[in-house]
Amino acid sequence: MADLPTTVRSPEGGLVDHASRALGAVFITVALLGVCWVLEVVNYGGDLTRQYGIQPHNVHAVWHIFTAPFLHASLDHITANSVPLAIFGFLTALRGLGRFIAVSVITIVVSGLGVWFLSSSNVVTVGASGLIFGYFGYLLARGFFERRVLDILLGVAIALVYGTMIFGVLPGQPGISWQAHLFGLIGGVLAARMTRQRA
C-alpha cells in the first residue's frame, strides 16, 4: 500500500508563524494601552471618570462596565496599571486577536458586574485593574484547561513572579476595588475554560 502524503511544517515556517503572532500581540497591546492613554489625556482635568465609570446599582448606567476599564482616576493610576497591563495583555494576545477579544469581553463583563452589584452606591469605579487580574487569571488557568506543557510552565512562572497579586482580591485597601480584582480574576479563569483549545 502506498504511503499517504503528509505535510511537515519547516522550522523556518514555525519561526515565521511565531514571529507573526508576537508582532500581532505587540500591536494589540500597544493599541490597548494607547486607548487608555489617549482617554487619560482627553480626560485630564475633565469629568469622564464620573460620567462613564461604574456606578453601582444604577440600572441606567450598567453599560459603563464596558467603558470604565479604559478610564483612570489620575496619571498615577494609569501609570501603575500600564506595566502589568502590557505584560499580561501581550501574553494573552499571543493567541490571536479573536481569543484576546473573547478573554477581554468575558473579563470585563464578569468584573464589571461584580463591581456593579457589590460596591457601595456612592463610589464610582474606573481602571484597568479588573482586566489585569482577568489576564492574570486566564494565564494561570489556561494550561490547566488546555493541557499544554508550555502554558502550564508559563502559568507556574507567572504564579512565582506575580503570585502576591492575589492579595489584591482581599477587601480592606482604601481606594482599591477588591471587587474588580476578585471578579476580574474569576472572569479570567472562566475565559480560560470557555475559550480552551485542547492540544
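Every number here is computed from the coordinates shown, using simple stated rules; none is lab data. Here the structure is a predicted model, which means the values were calculated and not measured. Note: ideal-geometry Cβ built from the backbone for every residue, glycine included; neighbour counts use all protein chains shown.
For the pair L160 and R147 in one chain, pulling the backbone fully straight at 0.36 nm per residue adds 2.7 nm over the alpha carbon distance. What the Cβ-Cβ distance of V62 and F27 gives, at R0 = 35 Å and to the nearest 0.05, is a FRET efficiency of 0.65.
Springs join every pair of Cα atoms under 10 Å in this Gaussian network model of the chain, and among P171, P56, P84 the largest mean-square fluctuation is at P171.
So what is the calculated 222 nm ellipticity per residue for the chain, using -39500 (n - 2.57) for each DSSP H run with n of 4 or more, over all residues, to the nearest 500 deg cm²/dmol? So the helix-based figure for the chain works out to -21500 deg cm²/dmol.
What is the distance in Å between the Cα centres of segment 8-77 and segment 132-170? Centre-to-centre distance over Cα atoms comes out at 20 Å. With the simple spin-label model, which puts each label point 7 Å out from Cα in the Cβ direction, the D76 to V35 separation comes to 2.7 nm.
Of the trypsin sites (Lys or Arg not before Pro) found in segment 157-199, the ones in coil according to DSSP and having at most 12 other Cβ atoms within 10 Å of their Cβ are R198. Relative to the longest principal axis of the Cα atoms of the chain, helix 97-118 runs at roughly 30 degrees.
Calculated from the structure at hand, Rg and Dmax of the Cα atoms in Å is found among [x] 16.3, 48; [y] 18.8, 77; [z] 18.1, 65 as [y].
Pair-distance distribution of segment 14-56: all C-alpha pairs, bin width 5 Å, starting at 0; shares per bin in whole percent are 5, 20, 15, 15, 13, 10, 8, 7, 6, 2.
Return one quarter of the surface area of the convex hull spanned by the alpha-carbon atoms of segment 78-122, equal to its mean projected area, in nm².
For segment 78-122, averaging the hull's shadow over all directions gives 4.0 nm².
Distance between the pseudo-spin-label points of V83 and Y44 (7 Å out from Cα toward the beta carbon): 2.3 nm.
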